[in-house]
Amino acid sequence: MPFLELVNLRRSVREYLDSPVEKEKIEQCLDAARLAPSACNAQPWRFIVVDDPDMVTKTAQATFDSIIRFNKFTLTAPVIVVACCEPADLSAKLGAQVRRVPYHFIDLGMAVEHFCLQAAELGLGTCILGWLKDNSLRKILSIPKGKKIGLAISVGYPKNNNSVPKKRKPLEEIRTYNSYKN
């Protein structure tokens, strides 16, 4: 599949079929994430795949609460992947401090997007989640205190395959050449 076709295919899915996701497909997505670039090749990530139905429910419940309810759709996902940041190596840490840029979060974001693009190619739907109840997830998934929970990904077969055109700013609004201003 041409890359731009894949990018157009990938979208945030918030309704899933009640069908399990094959472990082989999850492994392919994880392999794509593993191959993502990272500052100083630090690969500062660890992925926790939650596919046991009871654990998925508990994990999903840690993505919303009574006030912030927009992630409640995760209760329909058959798989949730929690992406944790691992400590970067010394070179990446120094670079991050000097530039004041959290490279480990950028790296994690690239790995998560690689996961999601591979999932789209395999016919899976995903949604990247940033709102998480860290303390609950730590307890549910036995994540050590010193580890930073970055993102989660809901994964499953989309309930609805209707492809709505993406609403994006035109290229002319987001790009200039040789200077910030035109």
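The values are calculated or read from the model by the stated rules, or taken from the named source; none is laboratory data. This structure is a prediction, so every number in the text was calculated from the model and none was measured. FYI the Cβ positions are ideal-geometry reconstructions off the backbone, even for glycines, and counts take in every protein chain you see. Heavy atoms of the whole protein, side chains included, go into the accessibility calculation; ligands, DNA and RNA do not. Shrake-Rupley method; radii C 1.70, N 1.55, O 1.52, S 1.80 Å.
Quick one: what pairs do we get from the range 124-138, first residue touching a residue at least 12 places away in the same chain (Cβ under 8 Å) and over 17 Å from Phe105 (Cβ atoms), second aromatic (Phe, Trp, Tyr) and not in a helix (DSSP H, G or I), C-beta under 7 Å, 6+ apart or different chains?
Pairs found: Leu124/Tyr157; Gly125/Tyr16; Gly125/Tyr157.
From the list Ala60, Ala83, Ala33, Ala77, exactly one residue is of a type in the set (A, V, I, L, M), in contact with a Phe, Trp or Tyr (Cβ under 7 Å, 6 or more places away or on another chain), surrounded by 13 or more Cβ atoms within 10 Å (Cβ to Cβ) and under 26 Å from Asn162 (Cα atoms). Which is it?
On the way: Ala60 fails: in contact with a Phe, Trp or Tyr (Cβ under 7 Å, 6 or more places away or on another chain); Ala83 fails: under 26 Å from Asn162 (Cα atoms); Ala33 fails: under 26 Å from Asn162 (Cα atoms).
From the options Ala60, Ala83, Ala33, Ala77, the qualifying one is Ala77.
Could you count how many residues in the range 1-30 are touching a residue at least 12 places away in the same chain (Cβ under 8 Å) and either open to solvent by less than 60 Å² (accessible area, probe 1.4 Å) or not in a loop (DSSP other than H, G, I, E, B) (or both)?
16
Kindly indicate whether any position in the range 17-37 is of a type in the set (D, E, K, R), in contact with a helix residue (DSSP H, G or I) (Cβ under 9 Å, 6 or more places away or on another chain) and under 20 Å from Lys159 (Cα atoms).
Yes.
Any idea which of Lys148, Lys181 is farther than 16 Å from Thr63 by Cβ, of a type in the set (D, E, K, R) and touching a strand residue (DSSP E or B) at 6+ places or on another chain (Cβ under 8 Å)?
Lys148
Quick check on my filter: what residues within the range 32-59 are in a helix (DSSP H, G or I), within 25 Å of Ile140 (Cα to Cα) and under 17 Å from the mean Cα position of the chain (by Cα)?
Ala33, Arg34, Val56, Thr59
Is it true that some residue in the range 143-166 is among the charged types (D, E, K, R) and at pLDDT 95 or above? Break it down stepwise before answering.
As a first pass, look at the range 143-166 and keep what is among the charged types (D, E, K, R): 145, 147-148, 159, 166.
Now narrow it down to the ones that are at pLDDT 95 or above: none.
There is no residue in the range 143-166 that is among the charged types (D, E, K, R) and at pLDDT 95 or above.
Only one residue in Ile143, Ile106, Ile153 is open to solvent by less than 100 Å² (accessible area, probe 1.4 Å), β-branched (Val, Ile, Thr) and in a helix (DSSP H, G or I). Which one?
Ile106
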